[in-house]
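Each value in this text was obtained by applying a stated rule to the coordinates, not by laboratory testing. All values derive from a computational prediction rather than experimental measurement. Cβ coordinates were reconstructed from backbone atoms using ideal geometry, including for glycine residues, and neighbour counts include every protein chain displayed.
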Amino acid sequence: MSAGRNNTMNIAVDIDDTLTNSFDYFMPFIAEYLGVELSELKRRNVSYSNLPEEWRGNEVDFCRKYYDRIVSDTTFKPDAALGMRQLHELGHRIIIITGRSEPLYTDPYKTTIEELARGDIEYDGLICTMKKAEACLSENISVMIDDLPKNCDAVRACEITPILFNSPANRDTKVPYRRVSTWAEAVDAVKEISAQLQ
């Protein structure tokens, strides 16, 4: 992990269920697409990010049918814009690294840029890729904030510090790294990591 002058860092931030509340927002669309009752998804705690095996296989079709139309209206976490602004004010460089890619979207950059603008999210760069660890290495990232343990595990293997944002999909997963539930907690975690670099 490397830090710049005054312990500023390059920080990677995910979007879905990290900056936004995608899990609950997508649930009715998943129910509609799969032809199941919304109550069943709620009972099983299932949405776009943790579909059981029996419902997998048509994810790309679901994404192509819905994402371009619905993603830009996903609600942001109440303190997401403030948290991102605070990280910027601390001097950190923020790179949004999202798994949104062309197989899933007609134009992932256009859709994402519009969504981030609507949420008043401050950032310095945007990368749309499923290979988040590789993107983090190429951007000299010190800390990544994401809701998917598999992404956190991948960057941790590259000696990048992960912060797991709590979500309904990861609530029962045991992880060896820090969890946060709000952007205020995420900012505090980044401050602690930055202070350790002094």
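The GNM of the chain, with springs linking C-alpha atoms under 10 angstrom apart, assigns the highest mean-square fluctuation among ARG93, ARG64, ARG85 to ARG64.
Computed on segment 99-143, the Cα convex hull volume stands at 81 Å³ per residue. When +1 charges are put on Lys and Arg Cβ atoms and -1 charges on Asp and Glu Cβ atoms, the dipole computed for the chain relative to its Cα centre reaches about 360 debye. Using equal-weight Cα scatterers in the Debye expression, the normalised intensity of the chain in log10 at q = 0.08, 0.10, 0.16 Å⁻¹ is -0.26, -0.40, -1.03.
Computed from Cα atoms, the angle from the helix 108-118 axis to the main principal axis of the chain rounds to 70 degrees. Segment ASN140..ARG118, full-extension length gain: 5.1 nm, with 0.36 nm per residue of separation and the alpha-carbon distance subtracted. Quick one: of LYS132/LYS191; LYS42/LYS131; LYS110/LYS132; LYS65/LYS150, which pairs are farther than 21 Å apart, Cα to Cα? Result: LYS132/LYS191; LYS42/LYS131; LYS65/LYS150 exceed 21 Å. A Förster distance of 25 Å, applied to the separation of the beta-carbon atoms of TYR109 and LEU34, puts the FRET efficiency at 0.30.
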